[in-house]
1. What distance in nm separates the two pseudo spin-label positions at K57 and E39, each 7 Å out from Cα along the beta-carbon direction?
2. Can you send over the solvent-accessible area of S52, 1.4 Å probe, protein chains only, in Å² to the nearest 10?
3. In what order, largest first, do E39, E12, E58 sit by accessible area if the probe radius is 1.4 Å?
4. Just by accessible area at a 1.4 angstrom probe, what is the order of L5, L53, L30 from largest to smallest?
Amino acid sequence: MKCPLCGLEFREQDGVSGCKGCVVSGSCSLVKCPNCGYETPKEPGVIKFIRSLKKQKERKK
Ligand SMILES: [Zn+2]
């Protein structure tokens, strides 16, 4: 996924582990950017699916 603040692309699991000190650890739905520390909600599966479709279309061009 991509950080909306600094634009760094990182794996969602890396961002989740960055939020381990969180009080609501386990149920926290935020992903923390390893670069700038910006916390963003996880991308819903639907958005990932749409994005993968767009990528496929771009490849065909
Ligand atoms: Zn960032």
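1. Simple spin-label model gives 3.5 nm for this pair.
2. For S52, solvent-accessible area is about 50 Å².
3. Sorted descending by solvent-accessible area, the residues read E58, E39, E12.
4. On the way: L5 115, L53 80, L30 55 Å².
Heavy-atom accessible area, descending, gives L5, L53, L30.
The values are calculated or read from the model by the stated rules, or taken from the named source; none is laboratory data. These numbers come from a predicted model, not from an experiment. Every residue, glycine as well, gets a Cβ built from its backbone with ideal geometry; the counts of neighbours run over all protein chains shown. Quick note on the areas: whole protein, heavy atoms, side chains included, nothing else; ligands and nucleic acids left out. Shrake-Rupley method; radii C 1.70, N 1.55, O 1.52, S 1.80 Å.
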